[in-house]
Amino acid sequence: MVSGTNITGFNGGALSWALADGVVELALHRPPENELSEETWNELEQFVDALARLESQASVLIAR
């Protein structure tokens, strides 16, 4: 996890996410179908855990 003044995030093999200025952006990295592999599920679990800790800082979630 990378932390800075305005940004916190994660960059994994199947997805990445970042929090900046109250917006969380979740990006899947398995085009074109964005397969939900075991790696993806593990990284989604990490995202859900992090989102629970960051929800007071975020007001928008964008998934792409």
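The values are calculated or read from the model by the stated rules, or taken from the named source; none is laboratory data. The structure displayed is predicted, hence computed values, not measured ones. Using ideal geometry, Cβ is built from the backbone for each residue, glycine included, and neighbour counts are taken over all protein chains shown.
Listed values, structure above:
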{"read-out": "Selection count where residues are loosely packed, with under 13 Cβ neighbours inside 10 Å and at pLDDT 95 or above, scope segment 24-37", "value": "0"}
{"read-out": "Subset of segment 38-64 (residues that are acidic (D, E), closer than 16 Å to T8 by Cα and surrounded by 13 or more Cβ atoms within 10 Å (Cβ to Cβ))", "value": "E43"}
